[in-house]
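The values are calculated or read from the model by the stated rules, or taken from the named source; none is laboratory data. Keep in mind that what you see is a predicted model, and the values were worked out from it rather than measured. Here the Cβ is made from the backbone with ideal geometry for all residues, glycine too, and neighbour counts use every protein chain on show. Surface accessibility is based on the protein's heavy atoms, side chains included, excluding ligands, DNA and RNA. Shrake-Rupley method; radii C 1.70, N 1.55, O 1.52, S 1.80 Å.
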Amino acid sequence: MSRDLIPDTIQSISQDVVRPFFAVELKFDGENTLRMWTGQGTLILADGTEWVGAGDLLNISTIEETSEMAVKGATVTLNGIPSNVISLALGQPYQGRVCNIYFGTFTVSDGSLLQEDSSYILLEDGSKIILQGSSNQFNEIFSGYMDQMNIQEEAETSSVELTVENKLVDLERARVARFTSGYQKSLYENDQGFDFVESMQDKQVSWGRKSGN
């Protein structure tokens, strides 16, 4: 299945110098969302979202897509995590939560003034790198559900490998529906449309005149 790139990305990759990056968005329960990108510093977009720079510590497997409806997953690996952070990963429900992977490019602005609607990279020393519009428009290249989290813990740091199922896996799950009153009320509490279905299964209905009349 082919994907269309946004116009800003197409224009950017046609330049002599290209600044590509990948980004990962992990949506846990509630408003707990972890956003990371493969650069240095905190990437702050015009919409206010913040993406933590993981640099080379963030690795994303090859994203495979075919012309057929084949289910291809992905793997996200984060290295160099302090051991005391692992407890947070173990305590956070993650299976079945959404994971989005993006590809994008950005162009550094020549201006020195930071506009309110600008995107920028915040460095550790407090300085800011102002970005132009293509940075706040990501190209979604993969969307799926978190499946398994494998942790390799060492003395001081650890690594987390997260496997993600493609959303197409939903097509392989059976959709079980019953024409019963109980099942219908589980969807619509006050629906009485199936209340008499069970009593009708063995009901004998006389039709027409009796024989001999």
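If we keep just the residues of the stretch 1-33 that are open to solvent by 70 Å² or more (accessible area, probe 1.4 Å) and closer than 24 Å to L123 by Cα, which is modelled with the highest pLDDT?
Per the stated criteria, the residue is F22.
Could you grab the pairs with beta carbons closer than 7 Å, sequence gap of 6+ or different chains, first residue in the stretch 143-154 and under 13 Å from L90 (Cβ atoms), second one in a loop (DSSP other than H, G, I, E, B)?
Qualifying pairs under 7 Å: M149/Y94.
Restricting the search to the stretch 150-198, which residues are open to solvent by less than 50 Å² (accessible area, probe 1.4 Å), under 21 Å from L26 (Cα atoms) and at pLDDT 75 or above?
S158, S159, V160, L162, T163, V164, N166
Can you find, within the stretch 34-48, the residue that is most open to solvent (accessible area, probe 1.4 Å) among those that are assigned to a loop (DSSP other than H, G, I, E, B) and touching a residue at least 40 places away in the same chain (Cβ under 8 Å)?
Step one: filter the stretch 34-48 for residues assigned to a loop (DSSP other than H, G, I, E, B), giving 38-41, 45-48.
Subsequent filtering for residues that are touching a residue at least 40 places away in the same chain (Cβ under 8 Å) retains 39-41, 45-47.
Values: G39: 10, Q40: 130, G41: 20, L45: 12, A46: 45, D47: 114 Å².
Ranking the qualifying residues of the stretch 34-48, first place goes to Q40.
Residue under question is Y94, and the condition is that it be in a loop (DSSP other than H, G, I, E, B), surrounded by 14 or more Cβ atoms within 10 Å (Cβ to Cβ) and either within 13 Å of the chain's Cα centre (by Cα) or at pLDDT below 80 (or both); does it hold?
yes
Within the stretch 55-65, restricting attention to residues that are more than 18 Å from the chain's Cα centre (by Cα) and either of a type in the set (A, V, I, L, M) or on the phi > 0 side of the Ramachandran plot (or both), which residue is surrounded by the fewest Cβ atoms within 10 Å (Cβ to Cβ)?
Checking each candidate, the answer is G55.
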